[in-house]
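Here's the structure we're looking at; comments come further down.
Each reported figure results from applying straightforward, stated rules to the coordinates on display, with no laboratory input. Remember, predicted model here, so these are calculated numbers, not experimental data. Backbone-built Cβ (ideal geometry, glycine too); neighbour counts: all protein chains shown.
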Amino acid sequence: MEFSLYGLSDIVLSLKVTALANFFALLIVLSTLTVLFIAPNYRLKRSFYLLFTLLVASLFLIVYAHDYLLFFIGWEVMSISTYFLLSFTLSKEALHKYILFAMASALSLFVAILLLYSTQHSFLYEDAKQSYLAMSDGVQQLFTLFMLIAIFIKLGTIGFHYWLVDAYEESHNLFTPFLSAMLSKMGLYALILFVANITQATYVLAVMGLLTTIIATFKAIEQESIKRLLAYSSIAQLGYIVTVLSVADGMGGALYHALIHTLVKLLLFINIAGVIYVTQKEKLSDLGGLIYKLPQSFVFLLIGIIVLAGMPPLGGFASKFMIYTALLDAKYLLLLAGVMFSSASAFIYVYKLIYGIYLGHPTHKNLEEVKEVPWTFLAPQYLLASLLVIIGTFPGLVIPYINRILGELNLTLLSFETIQTLITSYAQYNGFVVMGAFGGIFVLVLMMFMLLRSKAKKPKNRFDIAYCAEEPNEATHLHYGYSMGQELKRVGLIHLIAKNSSKYFYDFLAKQMQYFSEVVRKIYSGNLLLNFNIAVLFLIILLLWSLK
């Protein structure tokens, strides 16, 4: 089904329904509905919801566009509406970061599209490959550079993520789940179009993806802000997708992990929004011991971190399983080792997250008065957690739809027999059997803890404690989650990651731009005679150059 609009220059601007577009549209709908479900908890201006509606419309325009010109229009509307939505809560510095990176992304994408148009004079996706092949080698490299810069900025790939962490941390708690779950997916959608329709920048994606997932993982470990920790976690998870897209048969694993990432980020950020809503605290050092006060929220966060860490029996393991086997099948053993190292290291920050909020000792007495979050926060978490459990139990459930996408893109289909199993050339994973085994073990362990709890004495005052002959006060950090992960800085690689930041590079770049601006200002001083002479000299140079 196609709809076409004709412009004055006879360029066809088309909208086309494809399996890939429907996949991302489904994620947009799910993300929108779950986020709006928690909206009644906040009193926001009508303009916020109007801008949010515009943003959602731009996302649909991006995924259903069938040419790069219409895609670019959707990309720009998305960036501008996001800016205004972030302006409700972001600091001036964070907003400046966002708008500068958004402008750089838009400009890079625009230049790449113009280069693509210059050969075949077509913006259509199906002509993109021929347009690319018609370019010279130098122009191909230039096109790839500009396209990847635009995509990497939107994905928040390491080095291009300078805007993202502040935006996630300072954005409104209603908007952060959508920001993490969907806006990053538009960069992924653009990357899939690039890989599937134009060319596969194998080594660039492999290196950038691996660096992203490793560096962002250890950046997440050292964070004390909950939202900042989850921001780096989101960057790391997207790094897995960028890495697996560097191999020929990695598209299936990338799409699977995109689905899981969307669900788990919605779950975690809504969970955290609920915690912040009832406690008014956003740092791990200000929380702790909430497992007895927010038991349902604790279970949902537990499900989320199990998925995030890629542990069986939930959906995160299924997507990681596909990523690992795709890298193994491509003989990318070094990439596989790096991705598995990053995935194992993620246990540290996910444990820090749940320990710092729900376990350990409470840090403030007013936390003892906290009650479970409102049902408007719990309802979407029930839905998202259920989906993750269902996918974990029946990991093959989404394979037929992914195969439909792969078929449209003329890529190798994934093996499929039953909805209970994932099959690759190296291994087979039966989610139903694994879920049954874990369920049985969980029931036994739960019964054991219930028996032990019945014999335990509950303290009348959990702050009535002493250690080393000292009595702690409210300023004393009583749970290990406060400084957890700091000792890892003794490791050379981790110390290097923690010590360095892209901030230094962008600070240097800002200083050079300031010096350049001062030079330009001295030349363009406002003196009309001087400016006229400069313009005449410039025209003479152009004339001499044209005569050659």
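Remark: the chain carries a charge dipole of roughly 1060 debye about the Cα centre, counting +1 on each Lys and Arg Cβ and -1 on each Asp and Glu Cβ. Extending 7 Å from Cα along the Cβ direction at S91 and again at F60 yields two label points whose distance is 3.8 nm. Annotation for N533 and F442: the two label points, set 7 Å from Cα along the Cα-Cβ direction, are 8.0 nm apart. Once the chain from R404 to K129 is taken as fully extended at 0.36 nm per residue, the excess over their C-alpha distance is 96.9 nm. With the convex hull drawn over the C-alpha atoms of segment 401-442, the volume per residue is 79 Å³.
Most tightly packed first, judged by the mean number of other beta-carbon atoms within 10 Å of their residues, the peptides 135-143, 443-451 read 135-143, 443-451. Using the Cα coordinates of segment 200-455, the gyration tensor eigenvalues translate into equivalent-ellipsoid semi-axes of 33, 21, 15 Å, sorted from longest to shortest. Remark on segment 1-199: Rg and Dmax equal 17.2, 56 Å (Cα only). Neighbour counting of Cβ atoms within 10 Å sorts the residues I540, I390, fewest neighbours leading, into I540, I390. Working from Cα pairs under 8 Å separated by at least six residues, relative contact order for the chain is 13 percent. Residues T217, T144, T325 in ascending order of nearby Cβ atoms (within 10 Å, fewest first): T144, T325, T217.
Where only DSSP H runs of four or more residues are counted, the chain gives -22000 deg cm²/dmol as its mean residue ellipticity at 222 nm, each run worth -39500 (n - 2.57). Our compactness index for segment 505-547, the C-alpha radius of gyration over the empirical 2.2 N^0.38 Å, is 1.60. Roughly how many Å is it from the Cα centre of segment 164-231 to that of segment 379-458, as a whole number? Between the Cα centre of segment 164-231 and that of segment 379-458, the gap is 24 Å.
The residue list I390, Y429, I348 was ranked by how far each Cα lies along the charge dipole of the chain toward its positive end, using unit charges on Cβ atoms, and I348 comes out on top. As an exercise, use a Förster radius of 22 Å and the Cβ-Cβ distance of L50 and T376 to find the FRET efficiency, rounded to the nearest 0.05. Computed FRET efficiency for L50 and T376: 0.55.
For a paramagnetic label modelled on L33 (point 7 Å from Cα along Cα→Cβ), amide N atoms under 13 Å away belong, within segment 341-385, to 380-381, 383-384.
Ordering of 204-212, 118-126, 311-319, 531-539 by packing is 311-319, 204-212, 118-126, 531-539, highest average first (other Cβ atoms within 10 Å, averaged per residue).
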